[in-house]
1. Assess whether residue 165 counts as being within 17 Å of residue 97 (Cβ to Cβ) and touching a residue at least 12 places away in the same chain (Cβ under 8 Å).
2. Can you pull out every residue in region 34-52 that is loosely packed, with under 13 Cβ neighbours inside 10 Å and at pLDDT 90 or above?
3. Keeping to region 79-134, report how many residues are touching a residue at least 24 places away in the same chain (Cβ under 8 Å) and over 18 Å from residue 174 (Cβ atoms).
4. If you check residue 104 against the conditions, is it in contact with a strand residue (DSSP E or B) (Cβ under 8 Å, 6 or more places away or on another chain), part of a strand (DSSP E or B) and closer than 22 Å to residue 35 by Cβ?
5. Would you be able to tell me the number of residues in region 68-93 that are within 14 Å of residue 130 (Cβ to Cβ) and surrounded by fewer than 22 Cβ atoms within 10 Å (Cβ to Cβ)?
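The values are calculated or read from the model by the stated rules, or taken from the named source; none is laboratory data. Small disclaimer: the values here were computed from a predicted structure and weren't measured. So basically every Cβ, Gly included, is an ideal-geometry build from the backbone, and we count neighbours across all protein chains shown.
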């Protein structure tokens, strides 16, 4: 809980800072495909893509004519799934994610192209695993924490890249890819990293630079 409150405090501080920097506020929503990469006993396996969604808010802080700093706060669904014969596993992980992107704006005919990258910090809210075998389905709650008795850690650090287009009226569309950099597994000898690719649409207050 302390880490969650710290995450919110950082977001609030960024918002207060942006008020004096000619910031624009907006929101976005979209769908994403997530996978999990697990290494145990020197063997690595990657899950199949699992479809989820995200929704969030963002602040675009101008840092010159063509650059901006764009923090956000998003609800993001991560996880993965796997199928083998008549057995399947579907893992759903819900996160509150704070991306800290630096954006380059390249002027286009009806708006601007966006290219950016930055770190991200995610806080795990909940998780569950749905296992189906021989026609029977069992759903199990995943415990998130920091002890070896937990299934996964709560806090995750990642790297984010994105590209998109913003029209002069503030409507935007973007694609991003997020790479998990920290190990989500609390068990020694095992690593778990999340990856996802997302397509988003949103709106920000029109850019006065156009």
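1. For residue 165, the condition - within 17 Å of residue 97 (Cβ to Cβ) and touching a residue at least 12 places away in the same chain (Cβ under 8 Å) - is not met.
2. Step one: of region 34-52, the residues loosely packed, with under 13 Cβ neighbours inside 10 Å are 41-45, 51.
51 - this is the single residue of region 34-52 that is loosely packed, with under 13 Cβ neighbours inside 10 Å and at pLDDT 90 or above.
3. 30
4. Judged against the criteria, residue 104 is not a match.
5. So the count comes out to 9.
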